[in-house]
Each structure stands twice: as structure tokens, then as C-alpha cells.
1. Sorted by packing (mean other beta-carbon atoms within 10 Å per residue), highest first, where do 75-81, 252-258 land?
2. Give me the Kirkwood hydrodynamic radius of region 1-111, using the inverse of the mean 1/r over all pairs of distinct Cα atoms, in Å to one decimal.
3. Run the numbers on region 18-114 and let me know its relative contact order in percent, using alpha-carbon pairs under 8 Å that are six or more apart.
4. I'd like the distance separating the alpha-carbon centroids of region 227-265 and region 284-308, in whole Å.
5. Report the full-extension gain for the segment LYS128 to VAL25: residue separation times 0.36 nm, less the Cα-Cα distance, to one decimal in nm.
6. Provide, for q = 0.10, 0.13, 0.23 Å⁻¹, the log10 of I(q)/I(0) from a solvent-free Debye sum over equal Cα point scatterers in region 49-152.
7. Could you give the length gained on full extension between LYS62 and SER244, defined as 0.36 nm per residue of separation minus the Cα-Cα distance, in nm?
8. So, with +1 on the Cβ of K and R and -1 on the Cβ of D and E, and no other charges, what is the size of the charge dipole of region 1-160 about its Cα centre, to the nearest 20 debye?
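All of the numbers you see were taken from the coordinates with simple rules; none came from a lab. If you're wondering where the values come from, they're calculated on a predicted model, not measured in any experiment. No Cβ is skipped: glycine too gets one built from the backbone with ideal geometry, and neighbour counts run over all protein chains shown.
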Amino acid sequence: MGKLISRSIKHGVSFSVLVEDNAPVLYQTKVKKSLESWLDEAQTILNRAMEVCSTALVTPDKVPGKFHNLLSYYFGLPTDCPREKQIICLNAILSRLNRTQTGLNKGVELADRPQMPVRAKIQTSVLKAAGYKDPTESYAGFVYVDFIEKIPRYLSNTYKMKKAKWWESGTLSSTWGEQLNGGGFMEPFYYPIHLNFKIIWPKGGIYCIVTLIHEATHKFAETVDHEYFKDDGSIVDKLDNEISALAPIYLNIHKDKPSDQVFKIVEQEALKTLRSKDSAARKLIEIGVMNAVDNADSLAWFAYDVAQLPGDLELEKVAVGIMSKRKVHPNLQNQ
């Protein structure tokens, strides 16, 4: 087992990654160069996502309208939910993103999939001996948690989930909700983030970066895997496409209504269409917001999509027709 040590170029995030001793030099170089890039991108995405979420907490009218659609899609939060509930949800998301970003920034240990801890290898060997496949062979990544860490955290999270159910029923105040935001343990899990490079490389850079963020939320923010979105989970452009396709239809149907009211209807229908194409989005509505905020894939794809939203300067450029790369629906330009 060999260890590669390096740091990302832009943010200077230090990392080590375990690979096989006899891995080809080109393979080791690709692993190191990939992580240097992905860790920089992950930091940029998390920083931007936290910035937008913080703005949404203080001055919600300053964030693009699409932000609320992303909240709804990835966490099952109604777009017209009470402000108090939105604040609690945002605080929970911010807490997890902050723990993830801080954990990565302090330096992170990673490993190629085969470089599993001894206990994990024993477990997979037992499965193979029983005639089953090694499940990690199909994983994009994972963070191994042994029973010594699992039991106390399980008890804490079970208690937290009961509180979350009380909150969902409306009997839990915002004060209690805020106490739930950080999770039971502040220390990250012991074992490194394992990435299955042979699986994630062919799926492209975006998927690789989102996978890294996903696994980092497991390690540093105690997230779980309630649901997985499809490999092309980002909905920023998909949402614009659906809105653009539906807007003329509904504007024609509701000629007597103000355009801003019609657009809200169009947004809802566009979200319904997107949910119909990915069962994960539908399931997250069922499990409730306070469970959804612990879903690793929700946090990772949400952070990525929020980071793609245009800032104030970009919106000004759109308004005067300067910016051509970023596609923003006209109804979002003044929000």
C-alpha cells in the first residue's frame, strides 16, 4: 500500500491518498492530479453554496428565484413553506456544508477503493465466500464505519430522528430545530474517504466532484444515504428547459392572470416534471425535510447547483445581453 501526498493548487488543500504499491505510475499520477483539481472545485462549490444560503437566511429577496426551487427539489421543502420552517432547513443545510468544507480544508485522507481497512476486507471476503459479490466494487465511493463508531452515533441519530418527527408534525419550536442542526458528534469518522476511481472517472468531472462532496459529507457531517439521484443529478439547466417549454402553454391557458402568478404555476409544474423523472426527488418529500437534510446526495447536488446560480454581477450582464454562457430564464433575471 503506497501513500501519495499533495495539495490542491488554488486552495492549498492538503491530502493523502492510498493506492496499491504496484499501481502504474500513470495511474498514480492521474489519481493525484484528479484530486488536486476536485478538491479545489469542491471548496469553490461549498464556499459559494454557503454564501448563497447565508444570504437566503438574512435577505431572501437577494437570492435568485431558482434557489427556492432547488431547496424544494433536493429536500422536499414546499416552495411556499412558512419562513420559519425555511430558516430551520437552511440552518441545517448550512451546518452540514460548513462541517464538510471545514473538514476538507483541514486536510483529508483518501484511498482508492481496494485499499479498504482490514475489517472491511474481512467483511467483503465473507460475502464472497458465501457466494455474494463485493458490494464496494459497484460503489462510486464510501466511508467505512466500524461498530465502535457506529453504535454511539446510531443511538444519537435515532434520538435526533425522533425529534425531527416531532418538528415535522409542528410540535417542535424553531429553537429545538436549531439544536438539531449540528448532529450528535462533531468529530469526523476515523477511516478515509474511499473513491472508486475506475467507476467515477468515465462519468466525467462534475460527477467526480459531486461524489467527493457526497462522501465528504458522510465523513465530516454524519450524513446518510436515504436516496441517490441519477448520475446527471444537476437540475439547473433542466429546470430552465422545462420552464421554457411550459411557459407559453400556461401563459396561453391563463391569459387573465398576471404573468408573475402564471410563472409560479409554471415553476411548480416544471418541478413536478423533473420529479417524475427521478424517484429520489419524490421519495425525499415522503421522508420529510429534517431527514432529507441528512441525505448526502441531496447536499452534494444542491451545493453544486447553487454554486451554478448567477451572482449579482452576472444577472446584470444577462439583463444587458452581455453574458452568453450561463443560461438564465428571463423571469429569474430580476429576482
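1. Numbers: 75-81: 17.7, 252-258: 10.1.
In decreasing order of mean packing, 75-81, 252-258 become 75-81, 252-258.
2. Numbers: mean 1/r = 0.0623 Å⁻¹.
About 16.0 Å, per the Kirkwood formula over Cα pairs.
3. Details: 36 pairs, mean separation 42.7, N = 97.
Rounded, it is 44 percent for region 18-114.
4. 20
5. Values: separation 103, 0.36 × 103 = 37.08 nm, distance 3.00 nm.
Residue separation times 0.36 nm, minus the Cα-Cα distance, leaves 34.1 nm.
6. Once normalised to I(0) and log-transformed, intensities are -0.51, -0.72, -1.18.
7. Details: separation 182, 0.36 × 182 = 65.52 nm, distance 2.30 nm.
So the extension gain works out to 63.2 nm.
8. Numbers: 22 positive and 15 negative charges, 29 e Å.
Here region 1-160 has a charge dipole of around 140 debye.
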